[in-house]
Amino acid sequence: MVPGARLVVLGKQGAGKGTQCVRLSHHYVVPHVSTGDMLRAAVKSGSALGEKVRQVMDRGELLGDDLIMEMVADRLSEPDCRARGFVLDGCPRTINQAQALAALLSPGDVDLVVDIEVPTAQVLRRLAGRRVCVDCGANYSVTSPPKVNWTCDVCGGEVVQREDDTEEAISRRLDIYEKQTAPLITWYTERGQLARVNGVGSPDAVLRRIIRAVEDRREGSSGVAARRS
Ligand code: ADP
């Protein structure tokens, strides 16, 4: 049986995080836990909280750390995550969230934090063409649309441009990324938990690089364990 995994995936908007996280969750047979998807589900529910979340997301700003961490803690405590692990997508996004996540997983920890690296000029091009399914969140683009008339290949939902993929919201999200999320790269590097992966190339090529990084880490740590025993 394939061993599970506890992975965090970082990368700026448009780096291909969502696409790779779906693939990684299939590869390791673990749930894909996406804070963006959870928040979009809250918006869709039409609740009062959902309406507040929508306003923040549409502006391209971040939700509060407490709300996010409560949501993530709830999800990671479910039996599927506890049994096999998870691929965490969209969290942590601030040092505060990273500290809260470490406390949540303690005495265990994540296996690896993967940073998918793509130059900003390229993510801007990708984001302008990005399209998503309103029902299941599957990603498409103007250059790789669904097979039939903007209808999702996976679930039949409508495929549209995201409300927060406007030029203004994208540039605000990239700014916030630089200020709040990029410091996480240093934070995780200092803890020896980060692997940087080149995100330029086909989705299959990038996936292979990420899996190699996870396997290298596993072999490295079992090597250390073997040397210690
Ligand atoms: P992207 O990475 O393209 O911004 P996501 O789907 O991950 O897309 O997130 C969309 C929006 O959801 C963010 O712009 C933010 O408003 C909110 N969000 C998602 N995750 C978090 C988080 N960990 N902390 C705060 N806000 C978040």
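The values are calculated or read from the model by the stated rules, or taken from the named source; none is laboratory data. None of these values were measured; they are calculated from a predicted model. Because the Cβ atoms are built from the backbone with ideal geometry, glycine has one as well, and the counts that use them run over all protein chains shown.
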If we keep only residues of segment 1-21 that are of a type in the set (A, V, I, L, M, F, W, C) and surrounded by 21 or more Cβ atoms within 10 Å (Cβ to Cβ), then the residue nearest to the ligand (Cβ to nearest atom) is Ala15
So for segment 207-227 (the condition being part of a loop (DSSP other than H, G, I, E, B) and among the aliphatic types (A, V, I, L, M)), does at least one residue qualify? no
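Here is a list: Gly108, Gly36, Gly50. Which entry is out of contact with any Ser or Thr (no Cβ under 8 Å at 6 or more places or on another chain) and within 18 Å of Leu174 (Cβ to Cβ)?
Of the residues listed, the single one that is out of contact with any Ser or Thr (no Cβ under 8 Å at 6 or more places or on another chain) and within 18 Å of Leu174 (Cβ to Cβ) is Gly36.
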Scan segment 63-90 for residues that are within 7 Å of the ligand (Cβ to nearest atom) and either in contact with a Pro (Cβ under 7 Å, 6 or more places away or on another chain) or touching a residue at least 60 places away in the same chain (Cβ under 8 Å) (or both) and report the count. 2
Counting only residues that are at pLDDT below 95 and outside any helix (DSSP H, G or I), how many does segment 22-61 have? 5
Can you find a residue in segment 126-134 that is more than 14 Å from the ligand (Cβ to nearest atom), outside any strand (DSSP E or B) and in contact (Cβ under 8 Å) with a residue 12 or more places away in the chain? no
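If we scan segment 11-20, do we find a residue that is assigned to a helix (DSSP H, G or I) and of a type in the set (A, V, I, L, M)? Full working, then the answer.
Of segment 11-20, the ones assigned to a helix (DSSP H, G or I) are 17-20.
Then drop every residue that is not of a type in the set (A, V, I, L, M), which leaves none.
No - not one qualifying residue is present in segment 11-20.
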